[in-house]
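The values are calculated or read from the model by the stated rules, or taken from the named source; none is laboratory data. Being a predicted model, the structure only gives us computed values, none of them experimental. FYI the Cβ positions are ideal-geometry reconstructions off the backbone, even for glycines, and counts take in every protein chain you see.
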Amino acid sequence: MYDIAIVGAGPAGSTLARLLADRYRVLLVDRRRLDLAPSATSLKKTCGGLLAPAAQHELARQGLGIPARVAVGPQLFAVRTLDLHADLERLYQRFYVNVDREEFDRWLVSLASEHVETGFGWRLTDLEPDAEGTFLRFSTAEGGQAGVRARLVVGADGASSLVRRIAFAGTPAPARYSAIQAAYESGSGDSSYGAVFDETLTDFYGWTIPKGDSLLVGAAFPAGPGVSARFEAFVDRLRATGARLGNRTSVSSAMIARPTSFLQLCPGGGGVLLVGEAAGFISPSSAEGISYALRSAAVLARALEPGLERADARYRAAALPLALNIGMKAGKSSAIYAATSRRLIMRSGLGAIAAYKPVSRMPATRFAR
(Lines give C-alpha, C1' and ligand atoms only; values in the text may rest on other atoms or scores of the structure.)
Protein backbone atom coordinates (compact mmCIF):
# COMPACT_ATOMS: atom_id res chain seq x y z
CA MET A 1 0.00 0.00 0.00
CA TYR A 2 1.38 3.36 -1.07
CA ASP A 3 0.45 6.61 0.59
CA ILE A 4 0.44 8.39 -2.78
CA ALA A 5 0.57 7.11 -6.36
CA ILE A 6 1.47 9.78 -8.92
CA VAL A 7 0.53 8.98 -12.53
CA GLY A 8 2.76 10.98 -14.85
CA ALA A 9 6.39 12.00 -14.33
CA GLY A 10 6.46 15.27 -16.22
CA PRO A 11 7.33 18.51 -14.41
CA ALA A 12 4.20 18.33 -12.22
CA GLY A 13 4.50 14.68 -11.21
CA SER A 14 8.24 14.58 -10.67
CA THR A 15 8.19 17.86 -8.70
CA LEU A 16 5.40 16.60 -6.46
CA ALA A 17 7.23 13.30 -5.87
CA ARG A 18 10.40 15.15 -4.89
CA LEU A 19 8.59 17.46 -2.49
CA LEU A 20 6.71 14.59 -0.81
CA ALA A 21 9.49 12.01 -0.66
CA ASP A 22 10.52 12.69 2.92
CA ARG A 23 6.98 12.40 4.35
CA TYR A 24 5.15 9.72 2.38
CA ARG A 25 5.67 6.42 0.63
CA VAL A 26 5.32 7.54 -3.00
CA LEU A 27 5.02 5.65 -6.28
CA LEU A 28 5.87 7.66 -9.41
CA VAL A 29 4.68 6.14 -12.70
CA ASP A 30 5.17 7.18 -16.32
CA ARG A 31 4.64 5.44 -19.64
CA ARG A 32 8.07 6.66 -20.79
CA ARG A 33 11.17 4.60 -19.99
CA LEU A 34 12.77 7.36 -17.99
CA ASP A 35 15.04 4.79 -16.37
CA LEU A 36 16.78 4.18 -19.72
CA ALA A 37 18.85 6.44 -21.94
CA PRO A 38 16.71 8.10 -24.62
CA SER A 39 16.77 6.69 -28.14
CA ALA A 40 15.37 7.64 -31.53
CA THR A 41 12.26 5.56 -30.79
CA SER A 42 11.70 6.81 -27.23
CA LEU A 43 8.45 8.56 -26.39
CA LYS A 44 9.12 12.29 -26.16
CA LYS A 45 7.03 15.27 -25.13
CA THR A 46 5.90 17.54 -27.96
CA CYS A 47 6.97 20.90 -26.57
CA GLY A 48 8.89 23.96 -27.66
CA GLY A 49 11.01 23.83 -24.53
CA LEU A 50 10.95 27.45 -23.40
CA LEU A 51 10.87 28.31 -19.70
CA ALA A 52 8.71 31.39 -19.16
CA PRO A 53 9.55 33.86 -16.36
CA ALA A 54 6.87 32.30 -14.14
CA ALA A 55 8.56 28.90 -14.49
CA GLN A 56 11.96 30.44 -13.76
CA HIS A 57 10.49 32.11 -10.67
CA GLU A 58 9.07 28.84 -9.36
CA LEU A 59 12.31 26.95 -9.97
CA ALA A 60 14.16 29.66 -8.05
CA ARG A 61 11.61 29.51 -5.23
CA GLN A 62 12.20 25.76 -4.99
CA GLY A 63 15.96 26.32 -4.84
CA LEU A 64 16.68 24.86 -8.27
CA GLY A 65 18.94 26.02 -11.09
CA ILE A 66 19.14 24.64 -14.63
CA PRO A 67 22.15 22.32 -15.21
CA ALA A 68 24.30 22.96 -18.26
CA ARG A 69 23.09 19.79 -19.98
CA VAL A 70 19.48 21.04 -19.88
CA ALA A 71 20.05 24.46 -21.49
CA VAL A 72 20.38 24.64 -25.26
CA GLY A 73 21.42 27.46 -27.58
CA PRO A 74 20.66 29.94 -28.77
CA GLN A 75 19.42 31.94 -25.80
CA LEU A 76 17.33 34.68 -27.40
CA PHE A 77 15.59 37.76 -26.04
CA ALA A 78 12.76 38.47 -28.43
CA VAL A 79 9.73 36.95 -30.12
CA ARG A 80 9.01 37.79 -33.74
CA THR A 81 5.23 37.91 -34.06
CA LEU A 82 3.72 37.35 -37.49
CA ASP A 83 0.14 37.70 -38.68
CA LEU A 84 0.39 35.84 -41.96
CA HIS A 85 -3.08 36.68 -43.19
CA ALA A 86 -2.63 40.43 -42.63
CA ASP A 87 1.05 40.67 -43.62
CA LEU A 88 2.08 42.11 -40.25
CA GLU A 89 5.29 41.59 -38.30
CA ARG A 90 6.41 42.93 -34.94
CA LEU A 91 9.27 42.17 -32.54
CA TYR A 92 8.60 41.95 -28.79
CA GLN A 93 11.12 41.50 -26.00
CA ARG A 94 10.60 38.32 -23.96
CA PHE A 95 12.72 36.53 -21.38
CA TYR A 96 12.57 32.80 -21.97
CA VAL A 97 15.20 30.18 -21.18
CA ASN A 98 15.73 27.79 -24.08
CA VAL A 99 15.98 24.17 -22.88
CA ASP A 100 16.02 20.64 -24.21
CA ARG A 101 12.61 19.44 -22.99
CA GLU A 102 13.68 15.79 -22.84
CA GLU A 103 16.70 16.66 -20.68
CA PHE A 104 14.58 19.01 -18.56
CA ASP A 105 12.08 16.25 -17.74
CA ARG A 106 14.80 13.71 -17.03
CA TRP A 107 16.62 16.15 -14.77
CA LEU A 108 13.50 16.76 -12.69
CA VAL A 109 12.84 13.01 -12.52
CA SER A 110 16.41 12.37 -11.36
CA LEU A 111 15.86 14.67 -8.39
CA ALA A 112 12.95 12.50 -7.24
CA SER A 113 13.62 8.96 -8.43
CA GLU A 114 16.33 8.17 -5.86
CA HIS A 115 13.86 8.88 -3.06
CA VAL A 116 10.60 7.35 -4.29
CA GLU A 117 9.58 4.09 -5.94
CA THR A 118 9.06 4.22 -9.70
CA GLY A 119 7.25 2.38 -12.45
CA PHE A 120 8.66 3.57 -15.76
CA GLY A 121 7.20 2.10 -18.92
CA TRP A 122 3.92 1.59 -17.05
CA ARG A 123 0.61 2.65 -18.61
CA LEU A 124 -2.47 3.15 -16.48
CA THR A 125 -5.39 1.02 -17.63
CA ASP A 126 -7.94 1.48 -14.83
CA LEU A 127 -8.48 2.72 -11.31
CA GLU A 128 -11.29 2.11 -8.87
CA PRO A 129 -11.88 3.03 -5.25
CA ASP A 130 -11.98 0.26 -2.66
CA ALA A 131 -12.12 -0.03 1.11
CA GLU A 132 -8.40 0.75 1.49
CA GLY A 133 -8.11 3.62 -0.96
CA THR A 134 -7.82 3.27 -4.75
CA PHE A 135 -6.68 0.24 -6.73
CA LEU A 136 -4.72 1.07 -9.89
CA ARG A 137 -4.03 -1.29 -12.78
CA PHE A 138 -1.12 -0.86 -15.16
CA SER A 139 0.36 -2.56 -18.19
CA THR A 140 4.14 -2.76 -17.89
CA ALA A 141 6.97 -2.29 -20.37
CA GLU A 142 7.60 -6.04 -20.33
CA GLY A 143 4.05 -6.78 -21.46
CA GLY A 144 2.83 -7.78 -18.04
CA GLN A 145 0.32 -6.34 -15.60
CA ALA A 146 0.78 -4.58 -12.30
CA GLY A 147 -1.72 -3.62 -9.63
CA VAL A 148 -1.13 -1.32 -6.66
CA ARG A 149 -3.18 0.36 -3.95
CA ALA A 150 -2.74 3.92 -2.79
CA ARG A 151 -4.46 6.03 -0.20
CA LEU A 152 -4.27 9.00 -2.57
CA VAL A 153 -3.95 9.07 -6.36
CA VAL A 154 -2.57 12.13 -8.16
CA GLY A 155 -3.17 12.51 -11.88
CA ALA A 156 -0.24 14.34 -13.47
CA ASP A 157 -0.86 12.75 -16.86
CA GLY A 158 -1.45 15.76 -19.05
CA ALA A 159 -4.16 16.98 -21.39
CA SER A 160 -5.47 13.49 -22.17
CA SER A 161 -5.44 12.50 -18.49
CA LEU A 162 -6.94 9.04 -18.06
CA VAL A 163 -7.07 9.66 -14.31
CA ARG A 164 -9.36 12.63 -14.92
CA ARG A 165 -11.50 10.81 -17.50
CA ILE A 166 -12.12 7.89 -15.15
CA ALA A 167 -12.49 9.71 -11.84
CA PHE A 168 -14.23 12.88 -13.05
CA ALA A 169 -16.08 11.82 -16.18
CA GLY A 170 -18.88 14.32 -15.55
CA THR A 171 -16.62 17.37 -15.21
CA PRO A 172 -16.54 19.71 -18.23
CA ALA A 173 -13.22 19.33 -20.02
CA PRO A 174 -11.16 22.11 -21.62
CA ALA A 175 -11.21 22.44 -25.38
CA ARG A 176 -8.81 19.95 -26.95
CA TYR A 177 -6.20 20.96 -29.51
CA SER A 178 -3.77 18.87 -31.53
CA ALA A 179 -0.23 20.22 -31.47
CA ILE A 180 2.11 19.10 -34.24
CA GLN A 181 5.80 19.97 -34.13
CA ALA A 182 8.53 19.17 -36.63
CA ALA A 183 12.29 19.72 -36.51
CA TYR A 184 14.09 21.02 -39.59
CA GLU A 185 17.75 21.34 -40.43
CA SER A 186 18.66 24.98 -40.15
CA GLY A 187 21.85 26.97 -40.06
CA SER A 188 22.55 29.24 -37.12
CA GLY A 189 21.68 32.91 -37.23
CA ASP A 190 18.10 33.09 -35.94
CA SER A 191 17.81 36.12 -33.68
CA SER A 192 14.35 35.51 -32.21
CA TYR A 193 11.68 32.99 -31.43
CA GLY A 194 8.53 33.13 -33.53
CA ALA A 195 4.79 33.35 -32.78
CA VAL A 196 2.68 32.96 -35.89
CA PHE A 197 -1.04 33.68 -36.37
CA ASP A 198 -3.29 32.76 -39.27
CA GLU A 199 -6.98 32.42 -38.47
CA THR A 200 -7.61 30.68 -41.79
CA LEU A 201 -5.79 27.64 -40.38
CA THR A 202 -6.34 27.78 -36.62
CA ASP A 203 -7.90 29.92 -33.90
CA PHE A 204 -4.75 29.30 -31.83
CA TYR A 205 -1.17 29.89 -33.04
CA GLY A 206 2.08 28.44 -34.34
CA TRP A 207 5.68 28.83 -33.25
CA THR A 208 9.27 28.64 -34.43
CA ILE A 209 12.06 27.92 -31.95
CA PRO A 210 15.75 27.56 -32.83
CA LYS A 211 17.46 24.60 -31.12
CA GLY A 212 21.14 24.36 -31.96
CA ASP A 213 21.37 23.63 -35.68
CA SER A 214 17.67 22.78 -35.89
CA LEU A 215 14.52 24.85 -36.05
CA LEU A 216 11.35 23.60 -34.36
CA VAL A 217 8.18 24.52 -36.23
CA GLY A 218 4.89 23.77 -34.53
CA ALA A 219 1.26 24.78 -34.42
CA ALA A 220 -1.87 23.90 -32.46
CA PHE A 221 -5.18 23.19 -34.17
CA PRO A 222 -8.66 22.37 -32.87
CA ALA A 223 -8.76 18.59 -32.53
CA GLY A 224 -10.48 16.81 -35.37
CA PRO A 225 -9.95 15.61 -38.94
CA GLY A 226 -7.58 17.39 -41.29
CA VAL A 227 -5.05 18.48 -38.66
CA SER A 228 -2.05 17.06 -40.55
CA ALA A 229 -3.09 18.82 -43.76
CA ARG A 230 -3.47 22.10 -41.87
CA PHE A 231 0.01 21.73 -40.43
CA GLU A 232 1.51 21.16 -43.87
CA ALA A 233 -0.32 24.25 -45.13
CA PHE A 234 1.09 26.18 -42.17
CA VAL A 235 4.64 25.08 -43.07
CA ASP A 236 4.08 25.99 -46.71
CA ARG A 237 2.94 29.48 -45.70
CA LEU A 238 6.05 29.92 -43.57
CA ARG A 239 8.22 28.92 -46.51
CA ALA A 240 6.36 31.40 -48.72
CA THR A 241 7.35 34.23 -46.39
CA GLY A 242 11.02 33.38 -46.90
CA ALA A 243 11.63 31.04 -43.98
CA ARG A 244 14.49 28.71 -44.92
CA LEU A 245 13.65 25.22 -43.70
CA GLY A 246 15.99 22.36 -44.54
CA ASN A 247 15.21 18.66 -44.37
CA ARG A 248 12.62 17.58 -41.83
CA THR A 249 14.33 15.37 -39.26
CA SER A 250 11.47 14.53 -36.92
CA VAL A 251 7.79 15.14 -36.28
CA SER A 252 5.62 14.54 -33.22
CA SER A 253 2.18 15.42 -31.94
CA ALA A 254 0.33 15.76 -28.65
CA MET A 255 -2.97 16.95 -27.24
CA ILE A 256 -3.21 20.36 -25.58
CA ALA A 257 -5.93 21.45 -23.18
CA ARG A 258 -7.19 25.02 -23.55
CA PRO A 259 -9.49 26.06 -20.68
CA THR A 260 -12.08 28.70 -21.41
CA SER A 261 -14.09 28.51 -18.17
CA PHE A 262 -13.45 28.05 -14.45
CA LEU A 263 -15.81 25.06 -14.66
CA GLN A 264 -13.19 23.27 -16.79
CA LEU A 265 -10.57 23.48 -14.06
CA CYS A 266 -10.63 20.34 -11.95
CA PRO A 267 -8.20 19.99 -9.01
CA GLY A 268 -10.05 16.83 -8.01
CA GLY A 269 -11.44 15.67 -4.74
CA GLY A 270 -11.64 12.80 -2.32
CA GLY A 271 -8.98 10.22 -2.98
CA VAL A 272 -8.03 11.52 -6.44
CA LEU A 273 -6.39 14.89 -7.10
CA LEU A 274 -5.08 16.46 -10.31
CA VAL A 275 -2.11 18.72 -11.04
CA GLY A 276 -0.74 20.49 -14.09
CA GLU A 277 -2.51 20.17 -17.40
CA ALA A 278 -4.58 17.24 -16.14
CA ALA A 279 -6.33 19.73 -13.86
CA GLY A 280 -6.63 22.27 -16.68
CA PHE A 281 -3.79 24.39 -15.30
CA ILE A 282 -2.32 25.76 -18.53
CA SER A 283 -2.33 29.17 -20.17
CA PRO A 284 -5.24 29.53 -22.63
CA SER A 285 -3.36 32.33 -24.40
CA SER A 286 0.02 30.67 -25.04
CA ALA A 287 -0.39 27.00 -23.99
CA GLU A 288 2.50 27.54 -21.57
CA GLY A 289 2.15 24.77 -19.03
CA ILE A 290 5.49 24.21 -17.30
CA SER A 291 5.04 27.05 -14.80
CA TYR A 292 1.55 25.81 -13.88
CA ALA A 293 2.87 22.26 -13.53
CA LEU A 294 5.60 23.36 -11.14
CA ARG A 295 3.33 25.67 -9.17
CA SER A 296 0.37 23.30 -8.85
CA ALA A 297 2.72 20.54 -7.64
CA ALA A 298 4.16 22.88 -5.01
CA VAL A 299 0.66 23.97 -3.93
CA LEU A 300 -0.46 20.36 -3.51
CA ALA A 301 2.71 19.46 -1.62
CA ARG A 302 1.99 22.23 0.87
CA ALA A 303 -1.64 21.09 1.16
CA LEU A 304 -0.39 17.62 2.07
CA GLU A 305 1.98 18.79 4.81
CA PRO A 306 -0.64 18.35 7.60
CA GLY A 307 -1.58 14.89 6.28
CA LEU A 308 -3.89 13.20 3.78
CA GLU A 309 -7.11 13.98 5.63
CA ARG A 310 -8.93 16.94 4.05
CA ALA A 311 -5.99 17.58 1.75
CA ASP A 312 -8.41 17.99 -1.15
CA ALA A 313 -10.13 20.97 0.49
CA ARG A 314 -6.80 22.59 1.34
CA TYR A 315 -5.57 22.05 -2.20
CA ARG A 316 -8.65 23.55 -3.85
CA ALA A 317 -8.38 26.64 -1.65
CA ALA A 318 -4.64 27.04 -2.19
CA ALA A 319 -4.97 26.54 -5.97
CA LEU A 320 -7.47 29.39 -6.32
CA PRO A 321 -4.77 31.95 -7.29
CA LEU A 322 -3.72 29.65 -10.15
CA ALA A 323 -7.32 29.48 -11.33
CA LEU A 324 -7.66 33.26 -11.16
CA ASN A 325 -4.42 33.67 -13.11
CA ILE A 326 -5.75 31.37 -15.83
CA GLY A 327 -8.93 33.47 -15.91
CA MET A 328 -6.81 36.57 -16.53
CA LYS A 329 -4.97 34.75 -19.32
CA ALA A 330 -8.34 33.85 -20.87
CA GLY A 331 -9.14 37.57 -21.02
CA LYS A 332 -5.78 38.23 -22.66
CA SER A 333 -6.51 35.42 -25.10
CA SER A 334 -9.69 37.17 -26.25
CA ALA A 335 -7.65 40.19 -27.34
CA ILE A 336 -4.82 38.23 -28.95
CA TYR A 337 -6.94 35.83 -30.96
CA ALA A 338 -9.61 38.27 -32.14
CA ALA A 339 -8.16 39.30 -35.50
CA THR A 340 -9.32 42.91 -35.31
CA SER A 341 -7.88 43.66 -31.87
CA ARG A 342 -4.65 41.75 -32.57
CA ARG A 343 -4.04 43.75 -35.73
CA LEU A 344 -4.83 47.02 -34.01
CA ILE A 345 -2.26 46.21 -31.33
CA MET A 346 0.37 45.15 -33.86
CA ARG A 347 -0.19 48.17 -36.11
CA SER A 348 0.06 50.49 -33.12
CA GLY A 349 3.51 49.17 -32.30
CA LEU A 350 2.58 49.15 -28.61
CA GLY A 351 5.30 47.34 -26.67
CA ALA A 352 7.23 46.46 -29.83
CA ILE A 353 10.98 46.78 -30.33
CA ALA A 354 12.24 49.01 -33.13
CA ALA A 355 14.90 46.73 -34.62
CA TYR A 356 18.04 48.21 -36.18
CA LYS A 357 17.79 45.80 -39.10
CA PRO A 358 15.34 43.21 -40.46
CA VAL A 359 14.65 40.82 -37.62
CA SER A 360 14.06 37.72 -39.67
CA ARG A 361 15.31 35.83 -42.66
CA MET A 362 12.30 37.00 -44.63
CA PRO A 363 12.77 39.33 -47.61
CA ALA A 364 12.97 42.92 -46.41
CA THR A 365 10.05 43.89 -48.68
CA ARG A 366 7.62 41.70 -46.75
CA PHE A 367 5.90 42.80 -43.58
CA ALA A 368 7.22 46.35 -43.97
CA ARG A 369 5.06 48.67 -41.88
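What is the residue count in region 274-311 for residues that are outside any loop (DSSP other than H, G, I, E, B) and under 20 Å from ASN325 (Cα atoms)?
Narrowing region 274-311 to residues outside any loop (DSSP other than H, G, I, E, B): 274, 276-279, 290-303, 311.
Now narrow it down to the ones that are under 20 Å from ASN325 (Cα atoms): 274, 276-279, 290-303.
The total comes to 19.
Restricting the search to region 211-269, which residues are part of a strand (DSSP E or B) and free of Cβ contacts under 8 Å to residues at least 12 places away in the same chain?
Within region 211-269, the first condition is being part of a strand (DSSP E or B), and the residues that meet it are 211, 214-222, 248-258, 268-269.
Residues satisfying the conditions do not exist here.
If you check ALA112 against the conditions, is it touching a helix residue (DSSP H, G or I) at 6+ places or on another chain (Cβ under 9 Å), crowded, with 17+ Cβ neighbours inside 10 Å and of a type in the set (Gly, Ala, Ser)? So that I can check it myself, show each step before the final result.
Values: touching a helix residue (DSSP H, G or I) at 6+ places or on another chain (Cβ under 9 Å): yes; crowded, with 17+ Cβ neighbours inside 10 Å: yes; of a type in the set (Gly, Ala, Ser): yes.
So ALA112 fits the description; yes.
Could you tell me whether any residue of region 208-228 is surrounded by 18 or more Cβ atoms within 10 Å (Cβ to Cβ), within 28 Å of VAL154 (Cβ to Cβ) and either in the same structural domain as LEU324 (by TED's automatic domain parsing) or among the small types (Gly, Ala, Ser) (or both)?
The answer is yes, given that some residue of region 208-228 is surrounded by 18 or more Cβ atoms within 10 Å (Cβ to Cβ), within 28 Å of VAL154 (Cβ to Cβ) and either in the same structural domain as LEU324 (by TED's automatic domain parsing) or among the small types (Gly, Ala, Ser) (or both).
Give region 204-245 a look and list any residue that's over 18 Å from ARG80 (Cα atoms) and touching a Leu at 6+ places or on another chain (Cβ under 8 Å), or say none.
PHE221, ARG230, ALA233 - these are the residues of region 204-245 that are over 18 Å from ARG80 (Cα atoms) and touching a Leu at 6+ places or on another chain (Cβ under 8 Å).
Is there a residue in region 299-309 that is surrounded by 20 or more Cβ atoms within 10 Å (Cβ to Cβ) and under 13 Å from the mean Cα position of the chain (by Cα)?
no
From the list ALA156, ALA169, ALA195, ALA182, which one is assigned by TED's automatic domain parsing to the domain that holds ALA287 and either among the charged types (D, E, K, R) or surrounded by fewer than 23 Cβ atoms within 10 Å (Cβ to Cβ) (or both)? It would help to see each step written out before you state the result.
Numbers: ALA156 fails: either among the charged types (D, E, K, R) or surrounded by fewer than 23 Cβ atoms within 10 Å (Cβ to Cβ) (or both); ALA195 fails: assigned by TED's automatic domain parsing to the domain that holds ALA287; ALA182 fails: assigned by TED's automatic domain parsing to the domain that holds ALA287.
The conditions single out ALA169.
Could you give me the residue pairs with C-beta distances under 6 Å whose first residue belongs to region 71-94 and is within 19 Å of ALA338 (Cα to Cα), whose second residue is among the acidic types (Asp, Glu) wherever it lies, and which are 6+ apart or on separate chains?
LEU82/GLU89; LEU84/ASP198; HIS85/ASP198
Rundown of residues vs (1) buried (at least 17 other Cβ atoms within 10 Å of the Cβ); (2) in contact with a helix residue (DSSP H, G or I) (Cβ under 8 Å, 6 or more places away or on another chain); (3) of a type in the set (A, V, I, L, M, F, W, C), yes/no style:
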site: LEU127; (1), (2), (3): yes, yes, yes
site: ASP130; (1), (2), (3): no, no, no
site: GLY144; (1), (2), (3): no, no, no
site: ALA150; (1), (2), (3): yes, no, yes
site: TYR177; (1), (2), (3): yes, no, no
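Take region 247-275 and flag every residue that is among the polar types (S, T, N, Q) and crowded, with 18+ Cβ neighbours inside 10 Å. Give the steps one after another, and end with the answer.
Residues of region 247-275 among the polar types (S, T, N, Q): 247, 249-250, 252-253, 260-261, 264.
Across region 247-275, the qualifying residue is only GLN264.
For region 22-43, what are the residues that are closer than 16 Å to ALA156 by Cα and of a type outside the set (Asp, Glu)?
Pass one, region 22-43, residues closer than 16 Å to ALA156 by Cα: 26-32, 34.
Of everything in region 22-43, those that are closer than 16 Å to ALA156 by Cα and of a type outside the set (Asp, Glu) turn out to be VAL26, LEU27, LEU28, VAL29, ARG31, ARG32, LEU34.
Applying the selection to region 160-216, what residues are among the aromatic types (Phe, Trp, Tyr) and over 18 Å from GLY48 (Cα atoms)? Outline the logic, then answer.
Filtering region 160-216 for residues among the aromatic types (Phe, Trp, Tyr) gives 168, 177, 184, 193, 197, 204-205, 207.
Within region 160-216, PHE168 is the sole residue that qualifies.
Where in region 1-120 are there helices (runs of 4 or more DSSP H), lying fully within it, with 1 or more residues that are within 21 Å of TYR193 (Cα to Cα)? Steps first, answer last, please.
Details: elements: 11-20, 53-61, 101-113.
Result: 53-61, 101-113.
Go over the candidates SER139, SER178 one by one and state the one that is among the hydroxyl-bearing types (Ser, Thr, Tyr) and over 23 Å from the mean Cα position of the chain (by Cα). Talk me through it step by step, then tell me what you get.
Values: SER178 fails: over 23 Å from the mean Cα position of the chain (by Cα).
Selected residue: SER139, the only one of SER139, SER178 that is among the hydroxyl-bearing types (Ser, Thr, Tyr) and over 23 Å from the mean Cα position of the chain (by Cα).
For VAL163, indicate whether it is in contact (Cβ under 8 Å) with a residue 40 or more places away in the chain, of a type in the set (Val, Ile, Thr), buried (at least 16 other Cβ atoms within 10 Å of the Cβ) and not in a strand (DSSP E or B).
Details: in contact (Cβ under 8 Å) with a residue 40 or more places away in the chain: yes; of a type in the set (Val, Ile, Thr): yes; buried (at least 16 other Cβ atoms within 10 Å of the Cβ): yes; not in a strand (DSSP E or B): yes.
Yes; evaluated as a whole, the condition is true for this residue.
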